[in-house]
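Notes follow once the structure below has been shown.
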Amino acid sequence: MKGLFFDLDGTLVDSLPLLKAIYEEFLCSFGKEGSDEEFQKINGPPLRQGIEILKEIHGIKEPLSELSENYLTRVREKYVGAKPHQGAFEILEWAVKNGWVCSIVTSSSELLAREWLSRNKMQNLISYIAGHESVKMGKPHPEPYLFALKLSQCDVNESVAVEDSASGVTSALQAGLKTITYAPQLPEGPKRISNLLSLKRHLTHA
């Protein structure tokens with residue numbers, strides 16, 4: 001079977017501005033200030049790993065478990081307002097009709113992903129979700145994509161990953177997947193798209 005594996009945040013979901021605001025509010029609650037560079041560092045790895053990074057960099061003394069729950073609560077409260085990227089529903093619908101098994105590979109929680117898909121009426125277009133609960137090593141380690149391939153039973157040689165972060169691209173490539181980078185701020189390239197609907201061209205020849 002041919003599989004189409006999507007990252008969630010920043011790829012299917014236009015959530016990066018929202019997540020950046022959560023990151024800034026979280027640090028502000030401890031009297032700390034972040035940066036764009038630091039936010040990019042925690043964008044991609046699992047939440048707990050990102051919180052570990054922030055705890056160490058900023059010398060936050062609270063236990064990691066409390067910090068993780070604090071951060072996750074903020075995400076749950078605000079994620080309800082996250083909208084799909086333009087073309088997300090259309091490309092999923094097209095892919096399913098053309099025989100692709102669509103899955104999500106995310107550093108976020110599987111529950112959060114399911115809730116978002118249901119809220120945006122995409123739950124029937126996604127067959128599998130591989131979230132941080134199911135793996136020991138997060139992106140950029142290949143385990144998330146290796147797990148998703150095993151879960152979906154898709155052929156790695158006939159499958160494609162779509163990612164928006166450097167850690168996600170590394171994870172997918174190391175798992176042996178053809179990988180397309182979704183970068184709305186950059187022009188189109190051989191392995192880069194600026195619009196999700198541009199995937200049709202790549203998948204037709206995949």
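The values are calculated or read from the model by the stated rules, or taken from the named source; none is laboratory data. These numbers were taken from a predicted model, which means no experiment stands behind them. Positions of Cβ are backbone-derived with ideal geometry, glycine not excepted, and every protein chain shown enters the neighbour counts.
Structural remarks
- Residue pairs whose Cβ atoms lie under 6 Å apart, separated by 6 or more positions or on different chains, with the first residue in the stretch 156-180 and more than 18 Å from Leu199 (Cα to Cα) and of a type in the set (Gly, Ala, Ser) and the second modelled with pLDDT under 95 and surrounded by 21 or more Cβ atoms within 10 Å (Cβ to Cβ), are Ser167/Gly44; Ser167/Lys139; Ser171/Lys139.
- Any chance Ile51 is in contact with a Leu (Cβ under 8 Å, 6 or more places away or on another chain), assigned to a loop (DSSP other than H, G, I, E, B), buried (at least 17 other Cβ atoms within 10 Å of the Cβ) and not assigned by TED's automatic domain parsing to the domain that holds Leu199: no
- Of the residues making up the stretch 162-176, not a single one is farther than 20 Å from Tyr145 by Cα, in a strand (DSSP E or B) and among the β-branched types (Val, Ile, Thr).
Yes/no per residue for (1) touching a strand residue (DSSP E or B) at 6+ places or on another chain (Cβ under 7 Å); (2) of a type in the set (A, V, I, L, M, F, W, C):
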site: Ser165; (1), (2): no, no
site: Gln174; (1), (2): no, no
site: Lys178; (1), (2): yes, no
site: Tyr182; (1), (2): yes, no
site: Pro187; (1), (2): no, no
site: Ile193; (1), (2): yes, yes
site: Leu199; (1), (2): yes, yes
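- Considering the conditions (1) in contact with a strand residue (DSSP E or B) (Cβ under 6 Å, 6 or more places away or on another chain); (2) surrounded by 13 or more Cβ atoms within 10 Å (Cβ to Cβ); (3) not in a helix (DSSP H, G or I), Gly44 is excluded by exactly one of them, (1).
- Restricting the stretch 31-47 to residues that are within 15 Å of the chain's Cα centre (by Cα) and not aliphatic (A, V, I, L, M), the residue that is farthest from Pro142 (Cα to Cα): Phe39
- Any chance Ala95 is over 27 Å from Tyr71 (Cα atoms), out of contact with any Gly (no Cβ under 6 Å at 6 or more places or on another chain), in a strand (DSSP E or B) and of a type in the set (A, V, I, L, M, F, W, C): no
- Subset of the stretch 111-125 (residues that are loosely packed, with under 13 Cβ neighbours inside 10 Å and either of a type in the set (Gly, Ala, Ser) or under 10 Å from Leu92 (Cβ atoms) (or both)): Ser118, Asn124
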